[in-house]
Amino acid sequence: MGPNIDYKALFAAAPSPYLVLGPDLTIVGANDAYLRATGRSRQDLVGQYLFGAFPDNPADTNADGVRNLGASLHRVLQSRQPDTMAVQKYDIPVPSRPGVFEERWWSPINTPVLGPDGQVAWIIHRVVDVTEFVRSRPPGQSVGPLGRREVMEAELYARARELQRLNEELRQAHARERQIAVALQEAMLHSPDLERHRNVAVRYLPAVGSLNVCGDWYDVVDLPDDSFGVAVGDVVGHGLEAAAVMGMLRSALSAAVRALHEPAKSLEVLGLYARSVEGAVATTAVKAVIDTRHQRIAYSSAGHLPPVLVHPDGTCDLLDQATDPPLGARPEHVPRPQATLSYTPGDILVLYTDGLIERRDEDIDVGLQRLTDALAGHVHLSPDRLADALLGRLGVAGGALDDIALIVVRL
């Protein structure tokens, strides 16, 4: 075994200034280099809101340090990825002179530290004080012949400022693209019949890093004789191509169940159609038809994870008795299986896609158990509150590596 390392002492002695922030941007730690760079004590900073301890200089009408740093930190919280900022002018208060600020320039990097649930537990804010360099190169003034290293430093600084401007333009363009993508996804997932079902909650979360256009879907369809159908599906892949395939398959299944009223026959039609759609093969889907008059659920699955029926006492039944391969997996047409079970008013039916429960290097049964445990603990919530509680309890409220579609039905 190696030597026992005192990481607390290493952090305190690190030569670069480091600040540790909580997800709410409260300062939870600062190393000695940071305290020296800012002229503060640990007691001055720990427990303080970052921008309360370091506000913008009120005398500088062009101050944008709080805005720029705040944007970077929120990008880290959302993406769970490090964010490197261009050189920033961020004046700091002079501790011995209340109301007086000292001009300072910094080169910051913000790095997330993830907790066991995969969410950001802390942010490491590392800075390099480049004030002396910036002051030594006043704009518009001749500074005499520069050495090769000095020329490179000046060019790097100028390029960093230009990169910041271009990155901001790129982020604005990305935000516009994302708004368009969100509108497209909402249009593709629109279920007119859903508005008549206050007992049904739906959720869709895109994969982290995507433009909100992916291949998972949900659907709610009213049928004759006090019945209605619910379905979720998962097209292989992400992006616009997967979304286009999703839109075609979702529409086809919605039309099929309206005509046939049976889950298995509807999936048979969808499987035949999927063979003619490029990118549709290996799609998984599950369809359930709920007969409220006779309190029965008929269902069929094309390679999809089993829906869960939750009872008021917290016990759960997996609907796994009518599972067949994904769409297009068989070379010849074979009738799909269908199963039926009864339910009791007050039960909850949950359909979902794999992004809700699957984790890397983890058996799927572990994810299923985590799901049923979460359901058992929140069975008395309304569908909307239960849907949000599930996403939070399973650690995917902010998105996951795969997109997520979820339907919660109070029977």
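The values are calculated or read from the model by the stated rules, or taken from the named source; none is laboratory data. Only a predicted model underlies this, so the values are computations on that prediction, with no experimental measurement involved. When we count neighbours, we look across all protein chains shown, and the Cβ atoms used for this are built from the backbone with ideal geometry, even at glycine. With ligands, DNA and RNA removed, areas are computed over all heavy atoms of the protein, side chains included. Shrake-Rupley method; radii C 1.70, N 1.55, O 1.52, S 1.80 Å.
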All positions within the range 340-393 that are small (Gly, Ala, Ser) and within 16 Å of the chain's Cα centre (by Cα): 355, 387, 389, 392
Determine, yes or no, whether residue 289 is touching a residue at least 12 places away in the same chain (Cβ under 8 Å) and open to solvent by less than 10 Å² (accessible area, probe 1.4 Å). no
Meets criteria (crowded, with 20+ Cβ neighbours inside 10 Å and under 24 Å from residue 120 (Cα atoms)) for residue 403: yes
Sort out which residues of the range 76-96 are open to solvent by 60 Å² or more (accessible area, probe 1.4 Å), under 16 Å from residue 118 (Cα atoms) and in contact with a strand residue (DSSP E or B) (Cβ under 8 Å, 6 or more places away or on another chain), and write them in order of number. 81, 82
Under the condition of being part of a loop (DSSP other than H, G, I, E, B) and acidic (Asp, Glu), which residue from the range 308-331 is nearest to residue 233 (Cα to Cα)? 320
Of the numbered conditions (1) crowded, with 24+ Cβ neighbours inside 10 Å; (2) touching a helix residue (DSSP H, G or I) at 6+ places or on another chain (Cβ under 9 Å), residue 255 fails exactly one; give the number of that condition. (1)
When residue 390 is evaluated against the numbered criteria (1) in contact (Cβ under 8 Å) with a residue 12 or more places away in the chain; (2) part of a helix (DSSP H, G or I); (3) surrounded by fewer than 21 Cβ atoms within 10 Å (Cβ to Cβ), which criterion, by number, is the only one it fails? (3)
When the residues of the range 322-339 are narrowed to those that are open to solvent by 80 Å² or more (accessible area, probe 1.4 Å) and over 35 Å from the mean Cα position of the chain (by Cα), which ends up nearest to residue 271 (Cα to Cα)? 333
Please verify whether the range 216-231 includes one or more residues that are in contact with a helix residue (DSSP H, G or I) (Cβ under 9 Å, 6 or more places away or on another chain), free of Cβ contacts under 8 Å to residues at least 60 places away in the same chain and among the hydroxyl-bearing types (Ser, Thr, Tyr). no
So for the range 365-378 (the condition being free of Cβ contacts under 8 Å to residues at least 40 places away in the same chain and in a loop (DSSP other than H, G, I, E, B)), does at least one residue qualify? yes
Evaluate the range 259-272: report whether one residue or more is on the phi > 0 side of the Ramachandran plot and at pLDDT 90 or above. yes
The condition from (1) among the acidic types (Asp, Glu); (2) surrounded by fewer than 19 Cβ atoms within 10 Å (Cβ to Cβ); (3) within 20 Å of residue 128 (Cβ to Cβ) that residue 44 misses is numbered (3)
All-but-one check, residue 211 against (1) among the hydrophobic types (A, V, I, L, M, F, W, C); (2) surrounded by 19 or more Cβ atoms within 10 Å (Cβ to Cβ); (3) modelled with pLDDT of 90 or more, failing number (3)
Limited to the range 47-58, what total is found for residues that are open to solvent by less than 90 Å² (accessible area, probe 1.4 Å) and over 34 Å from the mean Cα position of the chain (by Cα)? 1
Mind checking which pairs have a first residue in the range 260-282 that is under 14 Å from residue 302 (Cα atoms) and crowded, with 17+ Cβ neighbours inside 10 Å and a second that is modelled with pLDDT of 90 or more and polar (S, T, N, Q), Cβ under 6 Å, 6 or more apart or different chains? 263/300; 263/338; 264/300; 264/338; 267/300
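Each row is one residue, and each column tells you yes or no for (1) surrounded by fewer than 17 Cβ atoms within 10 Å (Cβ to Cβ); (2) not charged (D, E, K, R).
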position	(1), (2)
349	no, yes
352	no, yes
357	no, yes
363	yes, no
369	yes, yes
375	no, yes
380	yes, yes
410	no, no
Odd one out for residue 44 among (1) closer than 21 Å to residue 12 by Cβ; (2) modelled with pLDDT under 90; (3) not hydrophobic (A, V, I, L, M, F, W, C): (2)
Of all residues in the range 97-123, which are open to solvent by 30 Å² or more (accessible area, probe 1.4 Å) and in contact with a Lys or Arg (Cβ under 6 Å, 6 or more places away or on another chain)? 105, 109
Here the residues within the range 332-351 that are in contact (Cβ under 8 Å) with a residue 12 or more places away in the chain and either in a loop (DSSP other than H, G, I, E, B) or touching a Gly at 6+ places or on another chain (Cβ under 9 Å) (or both) are 333, 335, 336, 337, 338, 343, 344, 345, 346, 347
Output the number of residues of the range 285-313 satisfying the condition of being within 15 Å of residue 410 (Cβ to Cβ) and not hydroxyl-bearing (Ser, Thr, Tyr). 10
